[in-house]
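First the structure, in the form of structure tokens, and then the observations on it.
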Amino acid sequence: MKQVHVVAGVLRDLRGRILLARRTLGRELAGLWEFPGGKVERGESPEAALVRELREELGIAVTVGAPVVCVAHEDVDKRLLLDVREVSHSGRPRGLEGQALAWVPLHKLSDYPMPPADRPVVEELLKRLREANGSASQTRGTALG
């Protein structure tokens, strides 16, 4: 069975929205929304692949940050490893390969149809948001004095 290592980035704008890219016609899973990124080439590190893919697909310079989640997904003909990282960027992303782009509020990500491997990424991001909100409300609820 063919193994494919893919990297994707979680890019946020100043309002905290997350960038999704729509898979173009003629590609596997066309029309579905995904976190931008692409395949890791032989001899390439995941970080280098993500920098290259986002430059090629979106025309932006990026700095690869912390890991978000690694998703293993098996199809009929391949085994996919999706390695997702936080990414900071400079420049305005553009769909250089004809793909539509959307800046989506975190709580609306699950409204977008996505490939099966991308759905656990949304779950992880929402879990982190709930945990952060829980920590913040616990801090606010603590009275001193």
Inter-label distance for GLU86 and LEU126, nm, one decimal - labels placed 7 Å from Cα along Cα-to-Cβ = 2.1
For the LYS39, ASN133 Cβ pair and Förster radius 25 Å, calculated FRET efficiency rounded to 0.05 is 0.10
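By the scheme Lys and Arg +1, Asp and Glu -1, what is the net charge of all other residues having a beta-carbon under 12 Å from that of LEU96?
Numbers: positive: ARG55, ARG92, ARG94; negative: GLU53, GLU56, GLU57, GLU97.
Around LEU96, the surrounding residues sum to -1.
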Candidate lysines - alpha carbon under 18 Å from LYS108, same-chain residues fewer than 8 apart omitted | LYS127
Divide, for the chain, the radius of gyration over alpha carbons by 2.2 N^0.38 Å, where N is the residue count.
-> 1.13
Between the helical axis of 46-58 and the dominant principal axis of the chain, each derived from Cα atoms, what acute angle in degrees is found, rounded to the nearest 10?
-> 80
Compute the distance in nm between two label points, each set 7 Å from the Cα along the Cα-to-Cβ direction, one at GLN3 and one at TRP103.
-> 3.9
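When a footprinting reagent is the concern and you count Cβ atoms within 10 Å, what order do ASP77, ASP111 take, fewest first?
On the way: ASP77 7, ASP111 10.
Starting with the residue having the fewest Cβ neighbours, the order is ASP77, ASP111.
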Within region 101-129, what residues put their amide N at less than 13 Å from the label point 7 Å along the Cα-to-Cβ vector of ARG17?
-> 101-109
Can you give the % of DSSP beta bridges in the chain that are antiparallel, to the nearest 5?
-> 70
Near the amide H of LEU32, under 5 Å away, which other amide H atoms are found, from residues 5 or more places off or on another chain, if H is placed in the peptide plane?
-> ARG23
What's the longest bit of the chain with no exposed GluC sites (Glu not before Pro), using DSSP loop states and at most 13 other Cβ atoms within 10 Å as the test?
-> 42-96
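Computed from the coordinates by the stated procedures, all read-outs in this text should not be read as laboratory data. Values in this document were obtained by computation on a predicted structure and should not be read as measured data. Note that each Cβ is placed from the backbone with ideal geometry, even for glycine, and that neighbours are counted across all protein chains shown.
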